[in-house]
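Below you'll find the structure, written out as structure tokens, and then a few comments.
The values are calculated or read from the model by the stated rules, or taken from the named source; none is laboratory data. Everything quoted here is computed from the prediction, not taken from an experiment. Here Cβ is always computed from backbone atoms with ideal geometry, including for glycine, and neighbour counts include all displayed protein chains. Surface accessibility is based on the protein's heavy atoms, side chains included, excluding ligands, DNA and RNA. Shrake-Rupley method; radii C 1.70, N 1.55, O 1.52, S 1.80 Å.
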Amino acid sequence: MASPEFNLAFEPAYGQAVPVASGVQRITVNNPSAFTFHGTNSYIVGDRSTAVIDPGPEDEAHFRALMAALDGREVTHIFVSHTHRDHSPLSRRLQAATGAQIVAEGPHRAARPLYQGEVNLFAESSDLDFRPDIAIGDGETIEGDGWSLTGVLTPGHTANHAAFALEGTGILFSADHVMAWATSIVAPPDGSMGDYMTSLDRLIERHDRILLPGHGGPVRKPISFMRALKTHRRMRERAVLDRIRAGDRNIPDMVKVIYRETDPRLHGAAALSVLAHIEDLVERGEIETDGGPPALLGSYRPAMRR
């Protein structure tokens, strides 16, 4: 299956403020994993008066690194892209230390209600205590001393996911929606594949110059990269549909074939990605369930054409 040209070359430089653009520094949290790559990227925007984007998890070493990098500079705003625990929890401690206002789309919520008997497998990864001081809307801009950040709402990875555009630069902080190193996880009920694809189209239409993501290095050719991501997602969707038409009736059997070259440690996330595609396919009338809503242990068949 064709994939975008992912870039795994990245030096996290833990604890160091790395300049990545004029007036923008990146500090990476030392929390590597199969889901976070080398760790979560926090960004500092501005010179004398600053904004921090995605402070990260509650991590003592990272907090000290942020405060050292900010030494002598005012922090007026803390922007949070979404409420997974590798991005948002440290915002509260940073606010207590700086007095800055926290900006985000809103509190954590699922993309849809839980079905009866369903368990949200990503619930423990979600920061349910998070509440922003400012709920930023799509296209709303917050200005600081020498910088302006505009909210670009991109639901899909989570329902409250937002990117932030640094006005006048062509830079978009894309968080977990678009990353150079891998595709974003879309896991129901937290995420929605239909929402993800709509948000991807929105970003393609923006024609930003460079994307600075929540994990890994920058996306330097965002339009071609995102078009390849879209093609990759559509090919995954086609693979799911082909497996169902070939006789597979459950998600584990599909994952064994579609993700046979993927690290088995990621098969649980892959199953949720297949479920996200199935939800979208059911909504569009391409496949049918056994009568209940789409579920990880559900049964599926091609839709009967009427």
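Restricted to the stretch 182-240, and to residues that are over 28 Å from L296 (Cβ atoms), among the β-branched types (V, I, T) and part of a helix (DSSP H, G or I), which residue is nearest to the chain's Cα centre (by Cα)? For the stretch 182-240, the residue satisfying everything is I204. Select from the stretch 164-181 the residues that are in a strand (DSSP E or B) and open to solvent by less than 10 Å² (accessible area, probe 1.4 Å) and write down the one among them that is farthest from P113 (Cα to Cα). Among those that are in a strand (DSSP E or B) and open to solvent by less than 10 Å² (accessible area, probe 1.4 Å), it is I171.
Looking across the stretch 149-158, just one residue is under 22 Å from R220 (Cα atoms) and open to solvent by 30 Å² or more (accessible area, probe 1.4 Å), and that is L153.
H161 meets the conditions (1) within 30 Å of P294 (Cβ to Cβ); (2) in contact (Cβ under 8 Å) with a residue 24 or more places away in the chain; (3) surrounded by fewer than 23 Cβ atoms within 10 Å (Cβ to Cβ) in every case but one. The failed one is (3). Of the residues in the stretch 17-32, at least one is closer than 19 Å to L211 by Cα, loosely packed, with under 14 Cβ neighbours inside 10 Å and out of contact with any Leu (no Cβ under 7 Å at 6 or more places or on another chain).
The C-beta contact set for the stretch 133-149 (first residue closer than 17 Å to T50 by Cβ, second residue part of a loop (DSSP other than H, G, I, E, B) and open to solvent by less than 70 Å² (accessible area, probe 1.4 Å), distance under 8 angstrom, 6+ apart or interchain) comprises I142/I136; G144/G46; D145/G46; G146/G23; G146/G46; W147/G23; W147/G46. Scanning the stretch 271-285 turns up no residue that is farther than 21 Å from D190 by Cα, touching a strand residue (DSSP E or B) at 6+ places or on another chain (Cβ under 9 Å) and free of Cβ contacts under 8 Å to residues at least 40 places away in the same chain. Could you tell me whether the stretch 84-92 includes any residue that is in a loop (DSSP other than H, G, I, E, B), out of contact with any helix residue (DSSP H, G or I) (no Cβ under 9 Å at 6 or more places or on another chain) and surrounded by 21 or more Cβ atoms within 10 Å (Cβ to Cβ)? Scanning the stretch 84-92 turns up at least one residue that is in a loop (DSSP other than H, G, I, E, B), out of contact with any helix residue (DSSP H, G or I) (no Cβ under 9 Å at 6 or more places or on another chain) and surrounded by 21 or more Cβ atoms within 10 Å (Cβ to Cβ). Within the bounds of the stretch 244-256, is there any residue that is within 22 Å of V119 (Cβ to Cβ) and among the small types (G, A, S)? Scanning the stretch 244-256, I find no residue that is within 22 Å of V119 (Cβ to Cβ) and among the small types (G, A, S), so the answer is no.
If only residues of the stretch 99-125 that are within 16 Å of the chain's Cα centre (by Cα) and not in a loop (DSSP other than H, G, I, E, B) are counted, the one that is surrounded by the most Cβ atoms within 10 Å (Cβ to Cβ) is A104. Determine, yes or no, whether A228 is open to solvent by 20 Å² or more (accessible area, probe 1.4 Å) and without any contact (Cβ under 8 Å) to a residue 12 or more places away in the chain. Considered against the rule, which asks whether it is open to solvent by 20 Å² or more (accessible area, probe 1.4 Å) and without any contact (Cβ under 8 Å) to a residue 12 or more places away in the chain, A228 comes out as no. Number of residues in the stretch 28-64 that are more than 30 Å from P264 (Cα to Cα) and part of a strand (DSSP E or B): the value is 8.
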